[in-house]
Structures are given as C-alpha cells and as structure tokens.
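Q: Attaching a single structure in structure tokens format; questions to follow.
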Amino acid sequence: MKNEVYTHLDTLIGRYPQLKPVRDDICGAFELIKTCYENGGKLLVAGNGGSCADAEHIVGELMKGFVLRRHISSDACDALISVDAEIGTKLAECLQGGLPAVALSSHTALNTAFMNDVNGEMAYAQQLCSLGREGDVFLGITTSGDAVNIQYAAVVAKAKGMKVIGLTGRDGGKLNALVDVNVIAPSHETYQIQELHLPIYHCLCLMLEASFFED
C-alpha cells in the first residue's frame, strides 16, 4: 500500500519536475494529515482570494470520492437501513466515505460578524479557537507566506496543540516560524505559485484517498 500511495508523488514530480526540491515537504505534509485522520482528527483549511478557493477545493476532494468510489462500510449501510429500509437503502447506494475537513471561509455569517464586531484579521483564528482540537491539522494557504490572518490562525492552532502546515511560495514568508511543515512552491509570481499549489494539493488528496479508501 505504501508504494501505491507514493506512486502519486512520483507522478507529480514527473509532471512538475520543478517540485522535486519540495518532495520531502510534501511527504511531511501528507504524513501529518494522515496521522491526524488515523487518530480521529480533522483538517481545517484557510486562505484568501485564490487561496480561499483552493481551500474550498481541497475540502471538496476530501469529503467525498476523488478518483475512487469510496464505498461506505457494510456496518454503516446496515445502520442506515435499520432506521428506514427504503431511504436507508438509497442512502447506502449513494453515500461515500469522507475525510473530515472544514474550509474556514465557508462560514460567511460568522466571519462577517466577527469582522464587523471585533477584528476581521482574526476571523480564522476565532474559528480555530472554537473548532480546533489537539491532534487536528491547520493548513494555511498564502502565496507570500505573510497573510496576517493566516499567521493569527497558525498561532491559535499551535497553542491548541494542533499541527500546522503552510502552502506558500517565494521564501515561505513569516509563516515559516509558525509551521511544522511549509510546502513552498518554487516561484515568486503569485499566479505561478497558485498554478503549482493545485497539483500539490491534488497529490496530497490522492495520497490520502489511497491510504484510507484503496480497495
């Protein structure tokens, strides 16, 4: 299974050879998230602008099937059917296994209320203060590594005993001092960094899916 999982990483480096210098960091990010899931934790993801869209994208790949069907267990199917035979059967046929992940940008009412009432730069930090638990992982996406709201969130995450992963560019920015692993896309142009972030997190999602759902 381990070889099958890391085949996805080999494929990534083959398609994007410029990512070879950050191969170990991608491995490190994968291992942190995998351990989190093995211990019943969750992934919390945040970014701004295009990186906010990336956060939503990552959650979409983890919470349902990506390239695998991810059948739910027979026990889960039986439990659904025991509640209601007709509806439970339909659910058992359609539901897919998911890896718990939350995009912090999704909570618009909370974020805008905190922005209006307190401090918008701390809205993600507030969510981590409420949602984060020891053993969870925070993934902060910022092309410069200097987004203030991501730094605030990272400090809260570390204080709560969470692991912190950065997905950045340039020199990794100020986030370098706050993360357990920083995957730094090798570019200085924002749009080029974002173009490399997508295959990186797709690879992470493929590796995680293979780890937990491969037949």
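The values are calculated or read from the model by the stated rules, or taken from the named source; none is laboratory data. Since this is a predicted model, take the numbers as computed values, not measurements. Using ideal geometry, Cβ is built from the backbone for each residue, glycine included, and neighbour counts are taken over all protein chains shown. Side chains included, ligands, DNA and RNA excluded: accessible areas come from the protein's heavy atoms. Shrake-Rupley method; radii C 1.70, N 1.55, O 1.52, S 1.80 Å.
Q: What tally of residues in region 31-60 results from selecting those that are more than 10 Å from the chain's Cα centre (by Cα) and farther than 21 Å from Met122 by Cβ? It would help to see each step written out before you state the result.
A: Filtering region 31-60 down to residues more than 10 Å from the chain's Cα centre (by Cα) leaves 31-32, 34-41, 47-53.
Next cut, farther than 21 Å from Met122 by Cβ only: 31-32, 34-41, 50, 53.
Matching residues across region 31-60 total 12.
Q: Next question, about the same structure. State all residues of region 1-22 that are closer than 22 Å to Phe212 by Cβ and either open to solvent by 60 Å² or more (accessible area, probe 1.4 Å) or among the small types (Gly, Ala, Ser) (or both); if no residue qualifies, say none.
A: Hits for region 1-22 are Met1, Lys2, Asn3, Glu4, Thr7, Asp10, Thr11.
Q: Could I ask something else about it? Considering Leu95, Leu110, Leu91, which residue is more than 16 Å from the chain's Cα centre (by Cα) and without any contact (Cβ under 8 Å) to a residue 12 or more places away in the chain? Please lay out each step first, then the result.
A: Details: Leu95 fails: without any contact (Cβ under 8 Å) to a residue 12 or more places away in the chain; Leu110 fails: without any contact (Cβ under 8 Å) to a residue 12 or more places away in the chain.
Going through Leu95, Leu110, Leu91 in turn, just one is more than 16 Å from the chain's Cα centre (by Cα) and without any contact (Cβ under 8 Å) to a residue 12 or more places away in the chain: Leu91.
Q: Something else about it: Looking only at region 80-107, which residues are in a loop (DSSP other than H, G, I, E, B) and either within 30 Å of Gly132 (Cβ to Cβ) or open to solvent by less than 60 Å² (accessible area, probe 1.4 Å) (or both)? Don't jump to the end; show me each part of the working.
A: To start, the set of residues in region 80-107 that are in a loop (DSSP other than H, G, I, E, B) comprises 84, 95, 97-100, 107.
The answer is Leu95, Gly97, Gly98, Leu99, Pro100, His107.
Q: Output yes when any residue across region 58-67 is in contact with a Phe, Trp or Tyr (Cβ under 7 Å, 6 or more places away or on another chain), modelled with pLDDT of 95 or more and of a type outside the set (A, V, I, L, M), and no when none is. First the steps, then the outcome.
A: So the first thing to find is which residues in region 58-67 are in contact with a Phe, Trp or Tyr (Cβ under 7 Å, 6 or more places away or on another chain), and the list is 58.
This time we only want the ones that are modelled with pLDDT of 95 or more, so: 58.
This time we only want the ones that are of a type outside the set (A, V, I, L, M), so: none.
Looking for residues that are in contact with a Phe, Trp or Tyr (Cβ under 7 Å, 6 or more places away or on another chain), modelled with pLDDT of 95 or more and of a type outside the set (A, V, I, L, M), one finds none in region 58-67, hence no.
Q: Is region 94-101 home to any residue that is closer than 30 Å to His202 by Cβ and either of a type in the set (Asp, Glu) or at pLDDT below 95 (or both)? Spell out how you get there, then give the answer.
A: Start the filter on region 94-101 by keeping residues that are closer than 30 Å to His202 by Cβ, which leaves 94-101.
Next, from what is left, pick out any that are either of a type in the set (Asp, Glu) or at pLDDT below 95 (or both): none.
No; the residues of region 94-101 include none that is closer than 30 Å to His202 by Cβ and either of a type in the set (Asp, Glu) or at pLDDT below 95 (or both).
Q: For Gly28, state whether it is more than 17 Å from Ile184 (Cβ to Cβ) and either surrounded by fewer than 18 Cβ atoms within 10 Å (Cβ to Cβ) or not β-branched (Val, Ile, Thr) (or both). Can you show your working first?
A: Details: more than 17 Å from Ile184 (Cβ to Cβ): no; either surrounded by fewer than 18 Cβ atoms within 10 Å (Cβ to Cβ) or not β-branched (Val, Ile, Thr) (or both): yes.
No; evaluated as a whole, the condition is false for this residue.
Q: Just wondering, is there one or more residues in region 45-65 that are aliphatic (A, V, I, L, M), more than 29 Å from Asp146 (Cβ to Cβ) and part of a helix (DSSP H, G or I)?
A: Checking region 45-65: not a single residue is aliphatic (A, V, I, L, M), more than 29 Å from Asp146 (Cβ to Cβ) and part of a helix (DSSP H, G or I).
Q: Inside region 45-79, can you point out the residues that are of a type in the set (S, T, N, Q) and either in contact (Cβ under 8 Å) with a residue 60 or more places away in the chain or surrounded by 15 or more Cβ atoms within 10 Å (Cβ to Cβ) (or both)?
A: Our first condition is that a residue be of a type in the set (S, T, N, Q); within region 45-79, this holds for 48, 51, 73-74.
Result: Asn48, Ser51.
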